[in-house]
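Undergrad: Handing you a structure now.
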Amino acid sequence: MKKLYILLAFLLFGAGLRAQQTNLTEAVDFTVTDCHGQTYNLFEILDRGQAVFIDFFFYSCGQCQVISPYITGSYTQMGCNLHDVFYIEISYIDSDAVCQQWANEYGVEFPTVGRDGGGNEVFDLYGIQACPTLVLIMPDRSIPIQGLLDLYPFSAQDVVNAMQRNGLQPHDCTGTLTVNPQTMHIYDDGETYEPGLLTISNMTGDDVTVNAFTADLFALQCLYEGQDVTEGMTVAAGQTATLEVYVDVPVKDSFEGKLYVNTSAGNFEVNIIYETTFGIDESNATLALFPNPANESVTLRGENLGVVSIYNTLGQEVDTFFSEESQMVIPTAKYQEGIYFVRTSNGMTQRLVIVHE
C-alpha cells in the first residue's frame, strides 16, 4: 500500500510538471513592455542571434518564489542578457507596480512584464496553463525547452546545463560592440540603387557613441530610421541599430573601398564593394562567359577575342591572355572569391563572379 501511495504521488507530481509547459514547438512572435516602460519584440531579439529564455510566473505563486533565485543565478552565469541568451519573465495577472515589487524583492535584473505590458496575451499565445513555466526559444524559432520538466531537478546549474546542451555558452556580465557585415556589397545599375545594410549591436551594458562614419575614395551617407547619422549617433545599451549606407562614387567602374566606424567602444573597418553595370553589356550575345559564377575555370566565347584581360573591382589587371580562336578556357582556381571583369581587345566587357565550392 505504501508503494502505491508513493507511485500515485510521483504520477501526480509528474502530471503537474507536464502541465507547466507550452504545447508549442515553434515560436510565435510577440511584443511586450516591461514594468519600467521598455518595449521588447521576440523576433528582433532572435534575429540578432540571441536565444530567449522566458519565465512565466506570477507574484503569489509559491513555486515561482522558490525557483526565482535559481533563475537569477543562471542569468548571471549566462552573461546578464549580453551574450547568447536573453532572459525575460512574464506574468499574466500582476500590474506593473506589483511586477516592480517582485523584481525588487527577488533581485531580478532582467525585464519583468506584467498584465499592463501584454503578459496575459503572451500566456494565451503559448498556451500556458500553470506557473512557473520555463521556455527556451532558439534563434531559429525552435523551442527545445518547453517547461519545467525539461529542467528537472531544478537548480541554477541545471538551467545552465540545459542551455549548454542547446549550444549556448556561459559568459561573464560584460559584453561587446559588434559591427556587421565585414564586407558590404552596394549595387548600382543606373536605375536601381541597393544600399548596403550595416548592423551595430551594442551588448556592452553602456550606451555607445559613434563619433562618425567616414570613408576613403568616395562620398558617404548613413541613414538610421530615415535620419542622416553620418556625423555620429548613439546606440543604447542592449540595442541593435541597422543603417542604410549610400556611397557616391566619382568613377563609373566598380571598385572597393573602406568604411570606418569610430566609436567609444572601439574602431571598426568595413570593406565596401561597389558594383555597377555601367559600360557593361551583359546581354551581348557575341561575348559569353559560362559557367558564371565560376569555380575552377570559365569558358569565354566570342568573336575576335585577341587580348583578354581580367580586372578586379579596383580596376587592377590581375591576368591577361591571348586567343586567336573564338573560344577559350580561363583557369580561375587561383583567383580569390569575388567579382571580376573580363575585357577583350575589341572593347567588350563581361562581369565574372568567382565562387569556390
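The values are calculated or read from the model by the stated rules, or taken from the named source; none is laboratory data. Being a predicted model, the structure only gives us computed values, none of them experimental. Heads up, the Cβs are rebuilt from the backbone with ideal geometry, glycines too, and the neighbour counts pull from every protein chain shown.
Undergrad: What about Gln227, is it touching a strand residue (DSSP E or B) at 6+ places or on another chain (Cβ under 8 Å) and more than 30 Å from Tyr75 (Cα to Cα)? Please lay out each step first, then the result.
TA: On the way: touching a strand residue (DSSP E or B) at 6+ places or on another chain (Cβ under 8 Å): no; more than 30 Å from Tyr75 (Cα to Cα): yes.
The answer is no for Gln227.
Undergrad: Another one. Of the conditions (1) modelled with pLDDT of 90 or more; (2) in contact with a Phe, Trp or Tyr (Cβ under 6 Å, 6 or more places away or on another chain), Thr214 clears all except one; give me its number.
TA: In the conditions (1) modelled with pLDDT of 90 or more; (2) in contact with a Phe, Trp or Tyr (Cβ under 6 Å, 6 or more places away or on another chain), Thr214 misses (1) alone.
Undergrad: Could I ask something else about it? Tally time: how many residues in the range 165-182 are surrounded by fewer than 14 Cβ atoms within 10 Å (Cβ to Cβ) and more than 15 Å from the chain's Cα centre (by Cα)?
TA: Final tally of qualifying residues: 5.
Undergrad: Considering only the range 323-357, how many residues are modelled with pLDDT of 90 or more and either of a type in the set (Asp, Glu) or outside any loop (DSSP other than H, G, I, E, B) (or both)?
TA: So the answer is 4.
Undergrad: On to the next question. May I ask you to say which residue of Gly79, Gly117 is in contact (Cβ under 8 Å) with a residue 60 or more places away in the chain, within 30 Å of the chain's Cα centre (by Cα) and surrounded by 23 or more Cβ atoms within 10 Å (Cβ to Cβ)? Step through it out loud before you land on a result.
TA: On the way: Gly79 fails: surrounded by 23 or more Cβ atoms within 10 Å (Cβ to Cβ).
Checking each option against the conditions leaves just Gly117.
Undergrad: Has the range 91-107 got any residue that is in the same structural domain as Leu151 (by TED's automatic domain parsing) and under 26 Å from the mean Cα position of the chain (by Cα)? First the steps, then the outcome.
TA: In the first step, residues of the range 91-107 are kept if they are in the same structural domain as Leu151 (by TED's automatic domain parsing); the result is 91-107.
Pick out the ones that are also under 26 Å from the mean Cα position of the chain (by Cα) and you get none.
Checked against the condition, which is being in the same structural domain as Leu151 (by TED's automatic domain parsing) and under 26 Å from the mean Cα position of the chain (by Cα), the range 91-107 yields no hits at all.
Undergrad: Determine which member of the set Ala237, Ala215, Ala162 is in contact (Cβ under 8 Å) with a residue 40 or more places away in the chain and surrounded by 13 or more Cβ atoms within 10 Å (Cβ to Cβ). If you could, list the steps in order and put the result at the bottom.
TA: On the way: Ala237 fails: in contact (Cβ under 8 Å) with a residue 40 or more places away in the chain; Ala162 fails: in contact (Cβ under 8 Å) with a residue 40 or more places away in the chain.
Criteria check complete, one pass: Ala215.
Condition check ((1) outside the structural domain of Phe58 (by TED's automatic domain parsing); (2) among the hydroxyl-bearing types (Ser, Thr, Tyr); (3) surrounded by 20 or more Cβ atoms within 10 Å (Cβ to Cβ)) across all residues:
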residue	(1), (2), (3)
Ile128	no, no, yes
Thr133	no, yes, yes
Ile137	no, no, yes
Pro144	no, no, no
Gly147	no, no, yes
Phe154	no, no, no
Gln157	no, no, no
Pro195	yes, no, no
Ile200	yes, no, yes
